[in-house]
């Protein structure tokens, strides 16, 4: 037998040995293992999770009912497993039918996890690829800013990562409308500096079954009109200082301008801002 044939047989033998030593599992087994790993995340069994993951050579991007394991780790706020999965190749920008991992982090109010994701390459601009997005990132983060002003730093990082500040939720709210309603001048200033639409209207999703019509959603008010309606004098003054803010916009049904709304309040300080 020639050396060429011997070498060829040796390669086949080595390949066969390697193939036999690797445990491969089918799709159904992947689903079973996925559920087991989900259970371990739920119970914060980090060491056991890593052991099973390595033993089964599990695919970090395998999705069981639409979400890979990274979503579970983020929702549970398990930074160690999150970091482990990212190092194993988990797609940080995976879009599931339930949103992105950042959506899961912010819905769970895990701001530290949100920063971890951004530091590991999360791209907030992928939100535009979502077919359905009932709770946009800018809305979720605006609610976090309402709870803690320090979260404006996370909001800025998301803007720098490509987050669209003008996406509305199913109730018609976006970050500028919420910032005006919550009386958050710093957030309004940040939005203005980053090109947010200063005349965006509160346009709710007409297919939202839980929508409770209000004066500002029925008439699709702007942030200025909403701030005026709730007599937030300082916010109204701030918004009026921006030349982009249009005071001539009227309500869809009542045809009232922000000034008309101010007159209805009979608040002299508020009315004076428009004169």
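From the list 155, 122, which one is at pLDDT 95 or above and part of a loop (DSSP other than H, G, I, E, B)? Talk me through it step by step, then tell me what you get.
Values: 155 fails: part of a loop (DSSP other than H, G, I, E, B).
Being at pLDDT 95 or above and part of a loop (DSSP other than H, G, I, E, B) holds for just one of 155, 122, which is 122.
Residue-by-condition table, conditions (1) in a loop (DSSP other than H, G, I, E, B); (2) in the same structural domain as residue 227 (by TED's automatic domain parsing):
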residue: 127; (1), (2): no, no
residue: 142; (1), (2): no, yes
residue: 145; (1), (2): no, yes
residue: 162; (1), (2): yes, yes
residue: 168; (1), (2): yes, yes
residue: 177; (1), (2): no, yes
residue: 183; (1), (2): yes, yes
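Is there any pair linking a residue in the range 209-221 that is surrounded by fewer than 14 Cβ atoms within 10 Å (Cβ to Cβ) to one that is modelled with pLDDT under 90 and in a loop (DSSP other than H, G, I, E, B), with Cβ under 9 Å and at least six apart or on different chains, and which?
none
Scanning for something closer than 17 Å to residue 128 by Cβ, at pLDDT 95 or above and touching a strand residue (DSSP E or B) at 6+ places or on another chain (Cβ under 8 Å), does the range 184-201 turn up at least one residue?
So far as the range 184-201 goes, yes, one or more of its residues are closer than 17 Å to residue 128 by Cβ, at pLDDT 95 or above and touching a strand residue (DSSP E or B) at 6+ places or on another chain (Cβ under 8 Å).
So the check is Cβ under 7 Å with 6+ separation or different chains; which pairs have a first residue in the range 83-101 that's in contact (Cβ under 8 Å) with a residue 24 or more places away in the chain and a second one that's assigned to a strand (DSSP E or B)?
Hits for this filter: 96/67; 98/67.
Among the listed residues 183, 175, identify the single one that is touching a residue at least 40 places away in the same chain (Cβ under 8 Å) and within 27 Å of residue 106 (Cα to Cα). Spell out how you get there, then give the answer.
Working: 175 fails: touching a residue at least 40 places away in the same chain (Cβ under 8 Å).
Being touching a residue at least 40 places away in the same chain (Cβ under 8 Å) and within 27 Å of residue 106 (Cα to Cα) holds for just one of 183, 175, which is 183.
With respect to the numbered conditions (1) closer than 30 Å to residue 148 by Cα; (2) at pLDDT below 95; (3) not in a loop (DSSP other than H, G, I, E, B), which one is the sole condition not fulfilled by residue 18?
Here residue 18 meets the rest and fails (1).
Considering only the range 238-249, I want to know if a residue exists there that is in a loop (DSSP other than H, G, I, E, B), surrounded by 13 or more Cβ atoms within 10 Å (Cβ to Cβ) and either within 22 Å of the chain's Cα centre (by Cα) or outside the structural domain of residue 174 (by TED's automatic domain parsing) (or both).
Looking through the range 238-249, none of the residues is in a loop (DSSP other than H, G, I, E, B), surrounded by 13 or more Cβ atoms within 10 Å (Cβ to Cβ) and either within 22 Å of the chain's Cα centre (by Cα) or outside the structural domain of residue 174 (by TED's automatic domain parsing) (or both).
Out of curiosity, is residue 228 in the same structural domain as residue 149 (by TED's automatic domain parsing), surrounded by fewer than 21 Cβ atoms within 10 Å (Cβ to Cβ) and more than 22 Å from residue 140 (Cα to Cα)?
It is false that residue 228 is in the same structural domain as residue 149 (by TED's automatic domain parsing), surrounded by fewer than 21 Cβ atoms within 10 Å (Cβ to Cβ) and more than 22 Å from residue 140 (Cα to Cα).
The values are calculated or read from the model by the stated rules, or taken from the named source; none is laboratory data. In this text the structure is predicted, and so the values were computed from the model without any measurement. Cβ coordinates were reconstructed from backbone atoms using ideal geometry, including for glycine residues, and neighbour counts include every protein chain displayed.
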